[in-house]
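Enquirer: Quick one: structure below, then a few questions.
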Amino acid sequence: MGGRRRFPLSRLEVAAATGVLASYMLGLVGLYLTMPASDYRFLKLPRTLEDLRILRDHLESYTSDYTMQVLMCYFTVYIFMQTFMIPGTVFMSLLAGALFGVAGGMVLVIVAATAGASSCFFLSKMIGRPLVFSLWPEKLTFFQAQVAKRREKLFNYLLFLRVTPTLPNTFINMASPIVNVPYRVFFLATSIGLIPAAYVTVRAGTALGELKSVADLYDFQSIATIFFIGIVTLTPTFLSKGQK
């Protein structure tokens, strides 16, 4: 009994998370009911490039005739996945490029990803503290120390984290309210910092037929460019420390 690990969430916190989950599910059902009568067996979260190609082939005709419904479904699914830390948003970004092109796909992905990260931020602010402490105790200690040390240039630090894969985005979304990152800073760093990765995935989605593996998205040039942008975002922090 004494060695059994206690579930990190209380009953009230579980009830709150269940309520949020139920709200998203009702929204998805409502959107589904607005779509025209058809065979929707192809609709599922893509887990492979083949799944994604099948989804793209079926949705292309719907997108031209029912653009608003497709956009609303896309937004809701993307935000739902990010809020509840469901993997696979990279496939959603590829799908945006395949359906809406580079410009439209980038706007769609950046807005949806920022909204999803914000939803996760506020859910974590309500009930996430015990979960984050349980899942990532060492990462949280490191992140808390870095945020405290870089408080004056916090935007640049969060922008660096968003641009580079230094810390997982899911962890940043969950941990930021725990370590008292202001939402305004979180929002700005997220919406700007996601642009490079969104461009890479959306552009790849426009040539989905030529993509052989998700790993092909990030070649050496893409990774080097992203890290260069990340270093540039930290330059004001380094200059500030040098002046002090």
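Enquirer: Report, by residue number, each residue of the range 10-22 that is modelled with pLDDT of 75 or more and surrounded by 11 or more Cβ atoms within 10 Å (Cβ to Cβ).
Expert: V14, A15, A16, A17, V20, L21
Enquirer: Tell me which residues, restricted to the range 80-95, are in a helix (DSSP H, G or I) and either among the charged types (D, E, K, R) or closer than 18 Å to N173 by Cβ (or both). Before the answer, list the steps.
Expert: First pass over the range 80-95, keeping only residues in a helix (DSSP H, G or I): 80-83, 89-95.
Selection gives F80, M81, Q82, T83, T89, V90, M92, S93.
Enquirer: So, in the range 136-153, of the ones that are of a type in the set (D, E, K, R) and assigned to a helix (DSSP H, G or I), which residue ends up nearest to I172 (Cα to Cα)?
Expert: Among those residues, the one meeting the criterion is K139.
Enquirer: What are the residues in the range 81-120 that are surrounded by fewer than 23 Cβ atoms within 10 Å (Cβ to Cβ) and more than 11 Å from the chain's Cα centre (by Cα), if any?
Expert: F91, F100, G101, V102, A103, G104, M106, V107
Every residue, every condition in (1) more than 15 Å from the chain's Cα centre (by Cα); (2) small (G, A, S); (3) buried (at least 21 other Cβ atoms within 10 Å of the Cβ), yes or no:
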| site | (1), (2), (3) |
| --- | --- |
| S134 | yes, yes, no |
| K149 | yes, no, no |
| V163 | no, no, yes |
| T170 | no, no, no |
| S176 | no, yes, yes |
| V179 | yes, no, no |
| L188 | no, no, no |
| A197 | no, yes, yes |
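Enquirer: Hey, among the residues in the range 154-195 that are of a type in the set (G, A, S) and assigned to a helix (DSSP H, G or I), which one's nearest to T114 (Cα to Cα)?
Expert: The qualifying residue nearest to T114 (Cα to Cα) is S191.
Enquirer: Tell me yes or no: at least one residue of the range 17-34 is farther than 24 Å from V90 by Cβ and assigned to a loop (DSSP other than H, G, I, E, B).
Expert: Taking every residue of the range 17-34 in turn, none turns out to be farther than 24 Å from V90 by Cβ and assigned to a loop (DSSP other than H, G, I, E, B).
Enquirer: Please list, ordered by first then second residue, the pairs with beta carbon atoms under 8 Å, 6 or more apart or interchain, first in the range 139-156 and over 15 Å from V185 (Cβ atoms), second part of a helix (DSSP H, G or I) and of a type outside the set (G, A, S).
Expert: K139/F171; L140/V132; L140/F133
Enquirer: So which residues in the range 167-196 are in contact (Cβ under 8 Å) with a residue 60 or more places away in the chain and more than 12 Å from F121 (Cα to Cα), if there are any at all?
Expert: Going through the range 167-196, the residues in contact (Cβ under 8 Å) with a residue 60 or more places away in the chain turn out to be 170, 173-174, 183, 186-187, 190-191, 194-195.
Hits for the range 167-196 are S191, L194, I195.
Enquirer: Continuing with the same structure: Could we say that I172 is β-branched (V, I, T) and modelled with pLDDT of 95 or more here? Break it down stepwise before answering.
Expert: Values: β-branched (V, I, T): yes; modelled with pLDDT of 95 or more: yes.
Spelling it out, I172 is indeed β-branched (V, I, T) and modelled with pLDDT of 95 or more.
Enquirer: Also: Only one of (1) assigned to a helix (DSSP H, G or I); (2) surrounded by fewer than 20 Cβ atoms within 10 Å (Cβ to Cβ) is not met by V77, so which one is it?
Expert: If we test V77 against (1) assigned to a helix (DSSP H, G or I); (2) surrounded by fewer than 20 Cβ atoms within 10 Å (Cβ to Cβ), just (2) comes out false.
The values are calculated or read from the model by the stated rules, or taken from the named source; none is laboratory data. On a predicted model such as this, the values are computed, not experimentally measured, just so you know. Note: ideal-geometry Cβ built from the backbone for every residue, glycine included; neighbour counts use all protein chains shown.
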